[in-house]
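Undergrad: The structure is given below, and queries will be raised subsequently.
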Amino acid sequence: MKWFALIAVVITGSLLIYGVSDFPDWGDAQSPANAGAKSSTGEPIGESVSQFYITETGRLTHVPNLVTAVLADYRGYDTMFETVVIFAAGMAIFAILRVLREDKHTLGPPAKDTTADGDHGRIIVGTTCKILIPVIQLFSLYVVAHGHYSPGGGFQGGVMLGASFILLAVAKDLGSALTWFTEKRFMTLACVGILIYAGFGLMAQFLQRHFLDYGVLHVILPKTDEVMARSHSMLGVEIGVAFTVTAIMFAIYANLSSRGELKRGL
Amino acid sequence: MIPIFDYIILIFMVIAAIISLKVKDLLSASMVFGIYSFLICLLWAEMGAVDVAFTEAAVGAGVSAVFLIATVYNTKRRSSD
């Protein structure tokens, strides 16, 4: 069986490396993305994507960070379903691990910390986390809100915000993280995030444009033109992504560490 | 892009990958996997893909290492092969 697995891995690996050999070099100016697609005789067919993004994004969307503009606007449909994938991952973990019925075989009460430095360790870790967690949360909100001006955005900020709750759960116990971030709240937050994203798309559709064509939202958003409406809508969908990712990250940790009982974690 | 820096990171990545597969203690394996994620994050930051590097640092090195450790604590710590 081991030999069979080895052969399968070697074949897959060599196929992947063979596939990569067809890629253009890193930073190649003549690659299709940078120079535009060419037909087999070398005549250009169609415009270069990179060129368009670099020259037109600032003018059309007023977003300096091209990556966010591509992610949330030009390829908004992809990002929406990326968020749905994360949501689905959380639901899968929930469906597999969560124990909804009270069972006789559940774990007993939490084991007492009998190590010699138990109390001192708790004081140091607890104090550190008390100082660190607000800073992490503030920084993660900055990452979300500043995502279209600097590196960052909904995914990164959401993961950091979720990680701050995970840190609380690791440092104290899962129960104290769950008293504020209850199961009902994080499940609602995960759904609300996707609804925000899809809502922006549907609003554009109600205003007689394509799904996720944010430009038209200047009709609803006050004091904006078509360009600023795209910028603001990008912030809106990033906030939606951050909601879902925060909730799902914490949900996955809570279910994994407590074997789906959501009572006590590590 | 600095070639020597690239090669150093890539060599360390291969070493980290082999260690995380070979080590018997699954907790150490997940820690080494976190190191692997940080190395690839460094590589991306150095190639100029800062957004991807940020995501890798947050998701790959941060949260998924925590998920793996949480799973190791709830299963068994020693790997059988």
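Undergrad: Of the residues A:L132, A:L107, which is surrounded by 11 or more Cβ atoms within 10 Å (Cβ to Cβ), hydrophobic (A, V, I, L, M, F, W, C), within 22 Å of A:Y253 (Cβ to Cβ) and modelled with pLDDT under 85?
TA: From the options A:L132, A:L107, the qualifying one is A:L107.
Undergrad: Looking at (1) touching a residue at least 12 places away in the same chain (Cβ under 8 Å); (2) out of contact with any Lys or Arg (no Cβ under 8 Å at 6 or more places or on another chain); (3) over 17 Å from A:P151 (Cα atoms), find the lone condition where B:K24 falls short.
TA: The one condition B:K24 does not meet is (2).
Undergrad: Can you tell me which residue in the range A:169-199 is surrounded by the fewest Cβ atoms within 10 Å (Cβ to Cβ), limited to those that are modelled with pLDDT under 90, among the aliphatic types (A, V, I, L, M) and out of contact with any Cys (no Cβ under 8 Å at 6 or more places or on another chain)?
TA: Across the range A:169-199, the extreme among qualifying residues is A:V170.
Undergrad: Starting from the range A:193-217, take each residue that is farther than 16 Å from A:T79 by Cα and list its partners that are part of a helix (DSSP H, G or I) and polar (S, T, N, Q), counting only C-beta distances under 9 angstrom and pairs at least six apart or across chains.
TA: A:M203/A:S233; A:A204/A:S233; A:G215/A:T61; A:G215/A:S233; A:L217/A:S233
Undergrad: Let me ask you something else. What number of residues within the range B:16-26 are assigned to a helix (DSSP H, G or I), surrounded by 14 or more Cβ atoms within 10 Å (Cβ to Cβ) and over 11 Å from the mean Cα position of the chain (by Cα)?
TA: Residues flagged as assigned to a helix (DSSP H, G or I), surrounded by 14 or more Cβ atoms within 10 Å (Cβ to Cβ) and over 11 Å from the mean Cα position of the chain (by Cα) within the range B:16-26 amount to 1.
Undergrad: Could you tell me how many of the residues in the range B:46-81 are among the hydroxyl-bearing types (S, T, Y) and at the interface with another protein chain (Cβ under 7 Å from one of its Cβ atoms)?
TA: Going through the range B:46-81 one residue at a time, the tally reaches 3.
Every residue, every condition in (1) part of a helix (DSSP H, G or I); (2) more than 12 Å from chain B (Cβ to nearest Cβ); (3) surrounded by fewer than 23 Cβ atoms within 10 Å (Cβ to Cβ); (4) of a type in the set (D, E, K, R), yes or no:
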position: A:S233; (1), (2), (3), (4): yes, yes, no, no
position: A:G236; (1), (2), (3), (4): yes, yes, yes, no
position: A:V245; (1), (2), (3), (4): yes, no, no, no
position: A:G260; (1), (2), (3), (4): no, no, yes, no
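Undergrad: Those residues that are buried (at least 17 other Cβ atoms within 10 Å of the Cβ) and either within 14 Å of chain B (Cβ to nearest Cβ) or under 25 Å from B:D6 (Cα atoms) (or both), I need them from the range A:23-49; list them, please.
TA: Answer for the range A:23-49, where residues must be buried (at least 17 other Cβ atoms within 10 Å of the Cβ) and either within 14 Å of chain B (Cβ to nearest Cβ) or under 25 Å from B:D6 (Cα atoms) (or both): there is none.
Undergrad: Can you report the number of residues in the range A:247-258 which are touching a Leu at 6+ places or on another chain (Cβ under 7 Å) and more than 10 Å from chain B (Cβ to nearest Cβ)?
TA: Of the residues in that region, 1 qualify.
Undergrad: Would you mind finding the one in A:M80, A:M160 that is at pLDDT 90 or above, surrounded by 13 or more Cβ atoms within 10 Å (Cβ to Cβ) and within 12 Å of another protein chain (Cβ to nearest Cβ)?
TA: A:M160
Residues are listed down the side, and each one gets a yes or a no for (1) closer than 27 Å to B:M47 by Cα; (2) of a type in the set (A, V, I, L, M):
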{"position": "A:A5", "(1), (2)": "no, yes"}
{"position": "A:G13", "(1), (2)": "yes, no"}
{"position": "A:F23", "(1), (2)": "yes, no"}
{"position": "A:P32", "(1), (2)": "yes, no"}
{"position": "A:A37", "(1), (2)": "yes, yes"}
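The values are calculated or read from the model by the stated rules, or taken from the named source; none is laboratory data. Please read all numbers here as calculations on a predicted model, not as lab measurements. Cβ: placed from backbone, ideal geometry, glycine included. Neighbour counts: every protein chain shown.
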